[in-house]
């Protein structure tokens, strides 16, 4: 079985969860030790060695190998902060794109 290697930030976030969400997240994380690629996990675009999984109100970004599962970021599910909190050294291409509003052709001030 694999070992678990969480980052300090992911542990801090998990510890601060309400009991219901704590249980959901921990069940999912412990499941990664047995099966690191469950049906609801998917690889991050641009970083094929990183995976994400949604559980309850949280999103988990992690990587794994034959010996361990590394929790990189655990954050609120409906928030792009999870990707902003990925350290740049892990994957530079994960950063969300900057959205620039498109000018409306017939705009009148």
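The values are calculated or read from the model by the stated rules, or taken from the named source; none is laboratory data. Everything numeric in this text was worked out from a predicted model, so none of it was measured. So basically every Cβ, Gly included, is an ideal-geometry build from the backbone, and we count neighbours across all protein chains shown.
Would you say residue 88 is modelled with pLDDT of 90 or more and loosely packed, with under 11 Cβ neighbours inside 10 Å? So residue 88 fails the test.
Taken over segment 51-60, the criterion of being within 23 Å of residue 19 (Cβ to Cβ) and assigned to a strand (DSSP E or B) is satisfied by 53, 54, 55, 58, 59, 60. For segment 17-24, the count of residues that are part of a helix (DSSP H, G or I), surrounded by 12 or more Cβ atoms within 10 Å (Cβ to Cβ), touching a helix residue (DSSP H, G or I) at 6+ places or on another chain (Cβ under 7 Å) and in contact (Cβ under 8 Å) with a residue 60 or more places away in the chain is zero.
Report yes if residue 60 is out of contact with any strand residue (DSSP E or B) (no Cβ under 7 Å at 6 or more places or on another chain) and surrounded by 18 or more Cβ atoms within 10 Å (Cβ to Cβ), otherwise no. In short, no.
Only one of the numbered conditions (1) assigned to a helix (DSSP H, G or I); (2) at pLDDT 75 or above is not met by residue 83, and that is (2). Remark: pairs (first residue in segment 41-65, in contact (Cβ under 8 Å) with a residue 12 or more places away in the chain and at positive phi; second residue surrounded by fewer than 16 Cβ atoms within 10 Å (Cβ to Cβ) and in a loop (DSSP other than H, G, I, E, B); Cβ separation under 9 Å; 6+ apart in sequence or on different chains) = 56/77. Only a single item in (1) assigned to a helix (DSSP H, G or I); (2) exposed (fewer than 13 other Cβ atoms within 10 Å of the Cβ); (3) at pLDDT below 90 is not met by residue 48, and it is number (1).
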